[in-house]
Amino acid sequence: MARRKYGLLTEEQYEVLKLRIQGLTQKKIAEILKTSRENVAVVERRAKRNIRLAEETLKAYKELLAITKVEIKEGTHLVDVPRIVINAADKVGVKLRANFTRIYDEIRFKAGECVKGTHVVKPIVILIYRNGDVEVLKCY
């Protein structure tokens with residue numbers, strides 16, 4: 001009988017992550033699954049590796065789909081970012097489906113760890129798509 005897959009996760013990896021998210025220890029999961037704690041640790045590590053690879057793949061694909069990529073450098077004042085994005089869109093002839101406030105809010109929400117106070121402290125990448133959508137990727 002074939003084992004069920006959850007995207008890049010095996011059934012076992014999915015189950016271990018589900019139980020870990022519920023707060024169970026690796027030891028308790030090992031008891032439930034009738035295996036060793038070491039095996040649970042290996043399964044969890046491989047699952048997290050698969051998730052990281054999937055995230056990196058998706059990020060690369062999104063960059064391919066974007067008409068342009070805007071890199072916001074450290075030290076940039078936050079209120080300057082929407083204008084930088086709008087100018088980049090104008091340069092490639094795209095009418096954005098986002099205004100100043102939405103761009104500002106997206107950065108605060110999706111890349112909050114890249115901002116301290118009113119300045120960018122870690123570079124931020126913003127993708128602009130042909131249809132005018134804007135996507136803020138996490139900082140690098």
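Any read-out appearing in this document is the output of simple, stated calculations on the displayed coordinates, not a laboratory observation. Please read all numbers here as calculations on a predicted model, not as lab measurements. Cβ coordinates were reconstructed from backbone atoms using ideal geometry, including for glycine residues, and neighbour counts include every protein chain displayed.
Given the options Leu58, Leu96, Leu19, which has the most mean-square fluctuation in a GNM of the chain, springs set between C-alpha atoms less than 10 angstrom apart?
Among Leu58, Leu96, Leu19, the largest GNM mean-square fluctuation belongs to Leu19.
With a ≥ b ≥ c the root eigenvalues of the C-alpha gyration tensor of the range 66-137, is it rounded (a/c under 1.5), prolate (a/b larger than b/c) or oblate? All intermediate terms of the calculation are to be shown ahead of the outcome.
On the way: a/c = 1.88, a/b = 1.79, b/c = 1.05.
Prolate shape, in that a/c is at least 1.5 and a/b is the bigger ratio.
Would you please name the trypsin sites (Lys or Arg not before Pro) within the range 2-84 that are DSSP coil residues with at most 11 other C-beta atoms within 10 Å of their C-beta?
Details: sites: Arg3, Arg4, Lys5, Lys18, Arg20, Lys27, Lys28, Lys34, Arg37, Arg45, Arg46, Lys48, Arg49, Arg52, Lys59, Lys62, Lys69, Lys73, Arg83; in loops: Arg3, Arg4, Lys34, Lys73.
Answer in residue order: Arg3, Arg4, Lys34, Lys73.
Quote the charge dipole size of the chain about the Cα centre in Debye, to the nearest 20; the model charges only the Cβ of Lys and Arg (+1) and of Asp and Glu (-1).
Details: 29 positive and 18 negative charges, 74 e Å.
With only Lys, Arg, Asp and Glu charged at Cβ, the dipole is about 360 debye.
Take Val92, Val16, Val136, Val115 and order them by how many other Cβ atoms sit within 10 Å, fewest up front. Intermediate values should be presented prior to the final figure.
Details: Val92 11, Val16 28, Val136 22, Val115 19.
Neighbour counts put them in this order, fewest first: Val92, Val115, Val136, Val16.
With r as the distance between the Cβ atoms of Glu55 and Asp90 and R0 = 41 Å, compute the FRET efficiency 1/(1 + (r/R0)^6) and round to 0.05.
So the FRET efficiency works out to roughly 0.85.
Hey, in the GNM for the chain with a 10 angstrom Cα cutoff, which one of Ile86, Ile32, Ile103 fluctuates hardest?
Per the Cα network of the chain with a 10 Å cutoff, Ile32 tops the list.
Return the single residue from Ala66, Ala41, Ala98 with maximal mean-square fluctuation; model: Gaussian network over the chain, springs between Cα atoms under 10 Å.
Ala41
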